[in-house]
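The values are calculated or read from the model by the stated rules, or taken from the named source; none is laboratory data. Keep in mind that what you see is a predicted model, and the values were worked out from it rather than measured. Glycine gets a Cβ as well: all are built from the backbone with ideal geometry, and neighbour counts include every protein chain shown.
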Amino acid sequence: MNAHLSIEGGGNSKEEKIRCRQAFTSLLTSQGLSGRLPRLTACGGRGSAFDDFKTAHANAQSGHFVGLLIDSEDPAAIPADPLQQQTWEHLRRRDGWERPADATDQQVLFMTTCMETWIAADRATLRTHYGTALNENQLPATTNLESRHRHEVQERLERATAATSKPYRKGRRSFDLLAKLNPQALAPLLPSFRRAMAILEAKL
């Protein structure tokens, strides 16, 4: 497949980057993209993901799709037509990043506000993964979930899983969960997830 996706995530270790890439591969396969998956690069921090994207974008041949899958960090406004979302404007205002020449808004796929938002949305997977020790009352409400600050979502996941044998933590445990997520559970609750999957479905 002539497509490349630069992903924020994976920390600084080779092992974490492998787990990150494998987890997103599983999620996209569950979305039905098996057989046309893009090449995935787990880049660690968001700055590294942006740098990787810029290089891939600059070197892309005509017709090849290059995307940046990254946390929005802050809530991101989504218009009535999600495909018209001004993602580069969000990154300019928040991070001071300038849009690379010829890059389009549809090349930026947001995890709004962070990957944990996706995890918190899939309650069935959380129940299966953690069992009866999961304290669902501590999880953030799924209504307008993408409007919640990333720190709140992360802290609530940690509190909800505190009594389990392996409480939620970034890194290996987060990627174990990500790999199990059900896109059909996420899509109704997360407009940015629907947007990202719709773009990938069209481009790949």
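Quick grid of which residues meet (1) of a type in the set (Ser, Thr, Tyr); (2) closer than 25 Å to LYS54 by Cα; (3) without any contact (Cβ under 8 Å) to a residue 24 or more places away in the chain:
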{"site": "LEU83", "(1), (2), (3)": "no, yes, no"}
{"site": "GLN107", "(1), (2), (3)": "no, yes, no"}
{"site": "ALA133", "(1), (2), (3)": "no, no, no"}
{"site": "ASN144", "(1), (2), (3)": "no, no, yes"}
{"site": "THR164", "(1), (2), (3)": "yes, no, no"}
{"site": "LEU177", "(1), (2), (3)": "no, no, no"}
{"site": "GLN184", "(1), (2), (3)": "no, no, yes"}
> Which one of these does ALA101 not meet: (1) in the same structural domain as GLY9 (by TED's automatic domain parsing); (2) part of a helix (DSSP H, G or I)?
Replying inline: (2)
> If GLY35 satisfies every condition in (1) part of a helix (DSSP H, G or I); (2) surrounded by fewer than 13 Cβ atoms within 10 Å (Cβ to Cβ) but one, which is the exception?
Replying inline: (1)
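This table checks each residue for (1) surrounded by fewer than 18 Cβ atoms within 10 Å (Cβ to Cβ); (2) among the aliphatic types (A, V, I, L, M).
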residue: GLU8; (1), (2): no, no
residue: ARG19; (1), (2): no, no
residue: GLN22; (1), (2): yes, no
residue: HIS57; (1), (2): no, no
residue: LEU68; (1), (2): no, yes
> Quick check: anything in the stretch 62-69 assigned to a helix (DSSP H, G or I), closer than 17 Å to HIS4 by Cβ and out of contact with any Phe, Trp or Tyr (no Cβ under 8 Å at 6 or more places or on another chain)?
Replying inline: no
